[in-house]
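Beneath this line is the structure, given in structure tokens, with notes to follow.
The values are calculated or read from the model by the stated rules, or taken from the named source; none is laboratory data. Worth saying up front: this structure is predicted, and the values here are computed from it rather than measured. Cβ: placed from backbone, ideal geometry, glycine included. Neighbour counts: every protein chain shown.
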Amino acid sequence: MSKIIGIGETVLDILFKNGQPVKAVPGGSVYNSIISLGRMGLETSFISEVGDDRVGEMILSHLRDSGVDASSVCCFSGGKSPLSLAFLNERNDAEYLFYKDYPNNRLEADFPPINPGDIVLYGSYFVLNPVLRHKTRAFLEYAHEQGALLYYDINFRKTHIPERIKLSEALIENLELADIVRGSADDFNYLYDMTDGEKVYREKVSFYCRNFIFTSGGDGDVRLFTANGSERYPVKKIEVVSTVGAGDNFNAGVVYGLSRAGIERSNLPAVTMEQWNGIIGCGLDFSAHACTLIENYVDKQWAAEYSGRF
């Protein structure tokens with residue numbers, strides 16, 4: 001079975017409801033995905049950085065407790081582990097504030113070996129950040145050369161709109177390396193002032209990557225675009241507790257579906273729409289479950305029950 005390697009930022013998420021803190025949990029977009037995949041029993045590894053402090057210790061312990069190899073997480077001194085404040089509104093959607101204190105030397109870690117058949121999950125500002133770009137690009141190029149399947153979650157935040165022109169070259173490089181791209185209506189609104197999934201695929205994605213998943217949030221649906229056709233999937237109606245990990249766990253579910261179906265880069269072009277239906281279905285299941293929790297990932301009991309179905 002394939003190994004799953006995630007690369008992305010790590011923060012401590014402090015969740016607020018009605019102006020009061022209700023939970024503090026380790027987080028980060030790819031981090032949330034890799035925790036869920038580790039809990040599903042897949043072989044997982046994470047590339048990131050944390051401070052040499054109590055928050056960093058908490059995050060490393062959480063990774064290991066979830067079955068994730070943390071040996072490629074850089075533990076830096078001269079700074080502090082970053083914090084994210086997530087304020088949940090009346091619909092339990094989150095708005096964020098970030099507090100970061102990084103040292104000058106970043107991501108001083110050894111990357112894990114990559115083999116054909118592995119899946120690499122990457123995304124967010126971490127793989128666009130000019131400070132880290134030479135290291136993240138080198139890793140992604142290495143993973144591509146080794147034959148891994150690369151899954152790119154764009155996850156472009158509103159706070160980075162002033163940088164979108166400066167970051168466009170790195171964004172295109174990430175799209176070119178990807179075998180599957182996932183982006184939301186918000187992402188493309190912030191990047192290109194576009195929210196129509198089919199238009200986004202045709203004008204902004206398909207030239208670089210033929211497999212594209214477009215999500216529209218809790219009130220919309222999921223669109224899949226491939227070289228062989230497209231499909232639309234309704235989002236499950238649930239009682240939402242928090243949307244903090246919704247997209248991250250959708251990614252985890254898709255990667256889980258790919259892994260369980262034995263999909264690699266070499267056979268990805270031959271995936272049938274019936275197989276895609278099952279893969280996207282896993283994404284919808286993971287996302288729906290995560291939205292019923294105040295944490296950012298699937299819980300262990302659900303993971304055990306879900307994996308037992310396969």
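Evaluating Gly220 against the criteria (1) over 23 Å from Ile35 (Cα atoms); (2) at pLDDT 95 or above; (3) within 20 Å of the chain's Cα centre (by Cα) leaves one unmet condition, (2). Somewhere in segment 136-143, is a residue at pLDDT 95 or above, out of contact with any Lys or Arg (no Cβ under 7 Å at 6 or more places or on another chain), assigned to a strand (DSSP E or B) and surrounded by 18 or more Cβ atoms within 10 Å (Cβ to Cβ)? There is no residue in segment 136-143 that is at pLDDT 95 or above, out of contact with any Lys or Arg (no Cβ under 7 Å at 6 or more places or on another chain), assigned to a strand (DSSP E or B) and surrounded by 18 or more Cβ atoms within 10 Å (Cβ to Cβ).
Whenever a residue of segment 175-187 is farther than 17 Å from Arg137 by Cβ, its partners that are of a type in the set (Lys, Arg) and buried (at least 19 other Cβ atoms within 10 Å of the Cβ), lying with C-beta atoms within less than 9 angstrom and at least six residues away or across chains, give the pairs Gly183/Lys204. Search segment 220-261 for residues being more than 18 Å from Ile154 (Cα to Cα) and among the polar types (S, T, N, Q), and hand back the single one that is surrounded by the fewest Cβ atoms within 10 Å (Cβ to Cβ). Looking at the filtered set, the residue picked out is Asn228. One residue stands out in segment 231-251 among those that are over 17 Å from Cys282 (Cβ atoms) and in contact (Cβ under 8 Å) with a residue 24 or more places away in the chain: the one that is farthest from the chain's Cα centre (by Cα), namely Glu239. Of all residues in segment 262-275, those that are surrounded by fewer than 16 Cβ atoms within 10 Å (Cβ to Cβ) and either part of a loop (DSSP other than H, G, I, E, B) or under 18 Å from the mean Cα position of the chain (by Cα) (or both) total 4.
Only residues that are buried (at least 18 other Cβ atoms within 10 Å of the Cβ), in a helix (DSSP H, G or I), in contact (Cβ under 8 Å) with a residue 24 or more places away in the chain and not hydrophobic (A, V, I, L, M, F, W, C) were counted across segment 191-212, and they come to 2. Only one entry of Gly247, Gly257, Gly253, Gly281 meets the criterion of being under 16 Å from Arg39 (Cβ atoms), out of contact with any Leu (no Cβ under 9 Å at 6 or more places or on another chain) and not in a loop (DSSP other than H, G, I, E, B), and that entry is Gly257. With respect to the conditions (1) within 25 Å of Leu293 (Cα to Cα); (2) touching a Cys at 6+ places or on another chain (Cβ under 6 Å), Ala109 lacks only one, and its number is (1). Look at (1) touching a strand residue (DSSP E or B) at 6+ places or on another chain (Cβ under 6 Å); (2) over 30 Å from Asn18 (Cβ atoms) and you find that Arg309 fails only one, number (1).
Set side by side, the residues Tyr99, Tyr151 differ, and just one is at pLDDT 95 or above and either surrounded by 18 or more Cβ atoms within 10 Å (Cβ to Cβ) or touching a Pro at 6+ places or on another chain (Cβ under 7 Å) (or both), which is Tyr151.
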